[in-house]
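S.K.: Below you'll find the structure I mean.
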Amino acid sequence: MRLHSPWHPHLPPGDTPPAERLADALAGDILGEKLDAGDRLPAHRDLAWRLGIGVGSVTRAYAMLERRGLVRSVRGRGMFVASRPGGSGQAIDLSANMPPPMFGNRALARTLGRLAHTVDPALFNVYPPIAGHIEHRRIMGHWLAELGVDMPPDRLLLTSGAQQALGVAAGVCSRVRTVAITEELAYPGMLSLLRQAGLSPHGLPMDRHGLLPGPLERMLHAHETGQCVLYVTPTMHNPTTATMDHARRHDIVRICRAHDALIIEDDVYDCARDDRLPPLVILAPDRTFYVNSLSKTLSPGLRIGTLAPPARFMAAAADALLNSSLMIAPLSYAMMAQWMLDGTAAAVRRALRGEAGRRRELALRILGPDLTPPAYDAFHAWMPMSMEQAADFVPAAAREDVTVAPLQPFMAAPGACTQGGIRLCLGPVALPDLTEALRRLRHVLDGMDNSVT
């Protein structure tokens with residue numbers, strides 16, 4: 001084990017904390033193979049002195065790299081670049097859409113230690129209000145306001161993740177609507193919830209800007225006014241990464257308003273936020289059920305979602321939430337409040353955005369033109385191909401020990417789907433494993449191209 005003598009770490013300029021900038025720079029050097037597996041990183045104090053930053057910043061940067069799987073600590077010897085898995089044959093799962101882990105043992109222990117001295121015992125001694133404690137709804141309101149959704153706390157319902165929020169919205173809409181409309185490819189969990197609510201989804205075609213206005217208008221015109229509800233993901237659509245531009249959002253809202261259609265807006269991909277693109281709930285608050293979640297933006301284990309229904313449906317949504325018989329764990333409430341109030345949540349969100357950007361560029365570098373360039377940084381990507389090729393790709397990837405999700409569960413109406421492809425989840429594995437998985441998939445794609453020629 002050695003330290004590369006020609007290698008000189010650097011701290012790029014920027015407004016983010018030094019630890020995050022250093023972690024990004026070191027990650028780039030490791031992934032760019034300026035450092036080899038087994039190379040030892042400089043000692044904390046030495047690197048801090050060379051860069052003119054605090055030792056604590058170096059410690060935090062090394063911890064970030066360790067959580068990403070790029071380095072490993074050897075007690076008494078230092079920090080080393082982790083081995084890459086190339087050719088090991090280990091299975092790598094790219095089918096689960098979630099962010100990478102950003103909380104290590106020390107961060108969790110520090111949070112729990114603080115909660116031991118500050119948490120209100122009443123959280124654990126009584127059932128919480130149906131909509132969530134007002135102070136927690138206020139904290140969530142501040143969080144959403146930073147994302148461009150300014151909503152008073154009494155308009156928010158806190159839920160056990162986005163899945164419950166979507167289920168409540170679907171249940172409420174099924175009481176007053178008889179037809180559900182979605183993109184032709186949509187989140188499988190919501191397709192199931194719509195069917196459970198008695199609303200068989202009708203899938204409509206898309207382009208790179210998401211749902212097409214023409215087919216939507218024709219579908220709504222074919223039904224009586226006030227009979228339809230539209231489920232849509234305007235930003236970083238799952239699975240295709242399509243994002244509605246400003247004009248498309250206004251067109252969709254205009255058409256829904258003309259036909260008195262309700263809207264369920266799934267907006268969980270915060271890493272993709274663009275302040276220039278207003279959420280649909282801002283354009284049509286009178287008819288939009290807005291859903292967001294912390295699972296995709298902070299940690300999958302923090303199962304706290306939020307639902308902002310139109311004011312006229314607030315009571316019905318609270319009633320549906322009560323009947324769902326699920327409640328948020330008091331410890332999750334307490335951790336959410338602690339992280340948001342002490343700045344941890346904002347720091348993690350920044351780090352996740354940087355991580356999403358790195359993984360996006362890695363995927364584009366390896367898969368090239370076979371990947372649709374995502375408009376924004378999030379933890380899934382889309383490889384368009386015919387439905388026949390997509391069906392063949394899943395078992396071919398499995399033979400390379402890479403698991404990807406099949407296309408079928410995303411289809412609102414399998415017989416009427418006009419586009420095919422494969423969603424790649426870039427978040428659930430460490431960066432070295434992701435690099436290896438993408439290289440294996442490159443091999444699968446090359447084999448498919450050769451078989452065609």
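Values in this text are rule-based calculations from the coordinates and carry no lab data. Small disclaimer: the values here were computed from a predicted structure and weren't measured. Positions of Cβ are backbone-derived with ideal geometry, glycine not excepted, and every protein chain shown enters the neighbour counts.
S.K.: Given the peptides 109-119, 421-431, arrange them by the average over their residues of other C-beta atoms within 10 Å, most packed first.
M.R.: 421-431, 109-119
S.K.: When a/c reaches 1.5 or more, the comparison of a/b and b/c decides; with that in mind, is the chain rounded, prolate or oblate per its Cα gyration tensor? Mind showing how you got there, number by number?
M.R.: Working: a/c = 2.19, a/b = 1.30, b/c = 1.68.
Oblate, because a/c is 1.5 or more while a/b does not exceed b/c.
S.K.: Okay, next question. Give me the distance in nm between label points sitting 7 Å out from Cα along the Cα-to-Cβ direction at SER324 and HIS223, one decimal.
M.R.: 2.1 nm
S.K.: What is the angle, in °, between the Cα long axis of helix 330-341 and the longest principal axis of the Cα atoms in the chain? Nearest 10 is fine, range 0 to 90.
M.R.: Once rounded, one gets 70 degrees.
S.K.: Along the range 192-206, what does the Karplus equation 6.51 cos²θ - 1.76 cosθ + 1.60 (θ = phi - 60°) give for ³J(HN,Hα), rounded to whole Hz, x for Gly and Pro?
M.R.: Here the 3J(HN,Hα) series is 5, 5, 5, 5, 4, 7, x, 10, 5, x, 9, x, 10, x, 10 Hz.
S.K.: Along the charge dipole of the chain, pointing to its positive end and built from +1/-1 on Cβ of Lys, Arg, Asp and Glu, which listed residue (LEU65, VAL404, PRO300) has its Cα farthest out?
M.R.: In the chain, that residue is LEU65.
S.K.: With a cut-off of 8 Å between alpha carbons and a minimum separation of six or more residues, what is the relative contact order of the chain in percent? Don't skip to the end; give the middle numbers.
M.R.: Numbers: 787 pairs, mean separation 88.3, N = 453.
For the chain, the relative contact order is 19 percent.
S.K.: Show log10 I(q)/I(0) for the range 288-394 at q = 0.12, 0.23 Å⁻¹, two decimals, from a solvent-free Debye sum over equal Cα scatterers.
M.R.: -0.67, -1.18
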